[in-house]
Structure formats: structure tokens, C-alpha cells
Amino acid sequence: MPIIDPMGFEALNLIPFQINPHYLDKNPDGHGGETREDRINEFMVLNQDMYVAGLREGTMFLVEGDKMSMIGKRNLRLFKYGEEPKEIPSNEDFTFLLNV
């Protein structure tokens, strides 16, 4: 995940937030780099108005019309600059993220 704008974060511009797929709470044994949370926090310093959704393994978003839900059994970890990360259960309504 780049922490600076690589000439645009828009991609297909289908959603108004960033997704960090395969989100891990800690690094695997033997990994010498930073954690995903460290990297996301660095990104947030430069992109303070952006939400980042940490999608854990086995989860994905489903958008149907103007509604969004999450498929899978693991929680989502949601990041916003200046706020503590939030754990959101997969059975919640995620439509609010389409309007951030």
C-alpha cells in the first residue's frame, strides 16, 4: 500500500474508500517489516480524509444497488485518521462506507 499518491488512488472509482485486502493483525513469524496497521497509519497521515477498510482473509464486500454488506465470518478493521481503529462485525450494514 503506497503512502503517497501514485498518480491517483481512483482505480475504477467504484467506492469512496481504500481497501487493504488480506489484512493481518500482526506480521507472520520471520517477517522483518512493518505491520499492516503501521503502514495504514503512515498512509492516513498523508490521506487524512480517507477511510481504509482492513479486509481479513476469507471476507469480501458485496454491493447490491445502493447497499453494501460483507461476506465472511471475520470482522472488518476500519481506519480513519485521528480515530482509534474500529472492529466491525461482518453481519453489520456497511452501506455507510459508500457515503464517506
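Which of the residues belonging to region 66-87 are within 16 Å of Pro16 (Cβ to Cβ) and of a type outside the set (A, V, I, L, M)?
The answer is Asp66, Lys67, Phe79, Lys80, Tyr81.
Assuming Met44 fulfils every condition listed in (1) in contact with a Pro (Cβ under 9 Å, 6 or more places away or on another chain); (2) buried (at least 18 other Cβ atoms within 10 Å of the Cβ) apart from one, which condition is it?
Tallying (1) in contact with a Pro (Cβ under 9 Å, 6 or more places away or on another chain); (2) buried (at least 18 other Cβ atoms within 10 Å of the Cβ), Met44 fails exactly one: (1).
Just for strands (runs of 3 or more DSSP E) wholly inside region 17-87: which have at least 2 residues that are within 15 Å of Leu98 (Cβ to Cβ) and out of contact with any helix residue (DSSP H, G or I) (no Cβ under 7 Å at 6 or more places or on another chain)?
Of the strands (runs of 3 or more DSSP E) lying wholly inside region 17-87, those with at least 2 residues that are within 15 Å of Leu98 (Cβ to Cβ) and out of contact with any helix residue (DSSP H, G or I) (no Cβ under 7 Å at 6 or more places or on another chain) span 18-23, 60-64, 67-71, 76-80.
So, in region 52-94, how many residues would count as being closer than 18 Å to Ile40 by Cβ and out of contact with any strand residue (DSSP E or B) (no Cβ under 7 Å at 6 or more places or on another chain)?
So the answer is 4.
Within the set of pairs 6 or more residues apart or between chains, which connect a residue that is in contact (Cβ under 8 Å) with a residue 12 or more places away in the chain inside region 53-67 to a residue that is part of a strand (DSSP E or B) and exposed (fewer than 11 other Cβ atoms within 10 Å of the Cβ) with Cβ atoms less than 6 Å apart?
Matching pairs, first to second residue: Met60/Ile71.
Read-outs: derived from the displayed coordinates by stated rules, not from any lab. These numbers were taken from a predicted model, which means no experiment stands behind them. Using ideal geometry, Cβ is built from the backbone for each residue, glycine included, and neighbour counts are taken over all protein chains shown.
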